1. For the chain, what does the helix formula give at 222 nm: sum of -39500 (n - 2.57) over DSSP H segments with n ≥ 4, over the residue count, nearest 500 deg cm²/dmol?
2. Once you sort the root eigenvalues of the Cα gyration tensor of region 210-252 as a ≥ b ≥ c, which label holds: rounded (a/c under 1.5), prolate (a/b larger than b/c) or oblate (the other case)?
3. Rounded, prolate or oblate: pick one for region 1-86, where a ≥ b ≥ c are the square roots of the eigenvalues of its C-alpha gyration tensor, a/c under 1.5 means rounded, and failing that, prolate if a/b is larger than b/c, else oblate.
4. Say each of A28 and V197 gets a label point 7 Å from the Cα, pointing the same way as Cα to Cβ; how far apart are those two points in nm?
5. To the nearest Å, what is the center-to-center distance of region 119-156 and region 169-241, using C-alpha atoms only?
6. Classify the chain as rounded, prolate or oblate, taking a ≥ b ≥ c as the square roots of the eigenvalues of its Cα gyration tensor: rounded when a/c is under 1.5, otherwise prolate if a/b is larger than b/c and oblate if not.
7. By how many nm would the segment from L225 to Q237 lengthen if fully extended, with 0.36 nm per residue of separation less the alpha-carbon distance?
8. What residues of region 152-178 lie in the reach of a label at T209, counting those whose backbone N is under 17 Å from a point 7 Å from the Cα along Cα→Cβ?
Amino acid sequence: MNSQEKFALITGAGSGIGKSIALALAGAGYAVALAGRRKEPLDATAQQAQAHGVRTLVVPTDVSDPAAVNHLFEQISEHFGRLDLLFNNAGIFARSASLEELEYEQWKAAVDINLTGAFLCTQGAFRLMKAQQPQGGRIINNGSISAYAPRPHAVSYTATKHAITGLTKATSLDGRKYDIACGQIDIGNAASEMTEVMGRGVLQADGSTRPEPLMNVEHVANAVLYMAGLPLDANVQFMTVMATKMPFIGRG
């Protein structure tokens, strides 16, 4: 193993923000482990990443499944030998529905993937980073504008993203003595498959439906590269990157 080589894991790496971050990290010289539910998009991301001359590892993973996450980290340990960065990105939106109409299964799916998945991956990274030499690493959680201000008819997404903030703080605190830094990037309206609907029109807090401005996902990638590139004695605890004119300040 090249002692200068750095290793990153990106969840939800097959599309959108996760793919953009994976390719940006590959461009910065990171070997990248790519996790997500579908193998084909992960393979496509890996092929693009390999153009930067870095090693890649594709591990189809349901992050809500503890056994699958354990397998993911076994593969990382076997093929990479260490982990310098985890970008916790995998997440879903539930169907837009008023609080009293949201089905339990939809609530549970959001909690399982958005929150439990992030916890399981954090736990796996924490164990590996604690045991490796040199010790330590960095975890960056994909929060959201919804970690601070809700959208209407989005209770499960809002609740899980608020909870990610708690996970970030707890990880940051518990990681101090092991040189494990943890920060959170809160992203607002980055153009991706998940946010296409916003450009067409989404429900607003005043009851109207209006399109919202989007920003290029490359701005998010650049922000994550900055966070990832800091030495472990420095940390961006929270950063918000958003389309300037999207509804956030004074959202409701």
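What follows draws every value from the coordinates through simple rules; no lab data is involved. Note that the coordinates shown come from a computational prediction; the quantities given were computed from them, not determined experimentally. A quick note on method: Cβ atoms are made from the backbone with ideal geometry, for glycine too, and the neighbour counts reach across all protein chains shown.
1. The per-residue figure over the chain is -12000 deg cm²/dmol.
2. It comes out oblate by the Cα gyration axes.
3. oblate
4. Simple spin-label model gives 3.1 nm for this pair.
5. Here the answer is 12 Å between Cα centres.
6. Judged from the Cα gyration tensor, the chain comes out prolate (a/c at least 1.5, a/b above b/c).
7. 2.9 nm
8. Under cut-off, by backbone N: 152-154.
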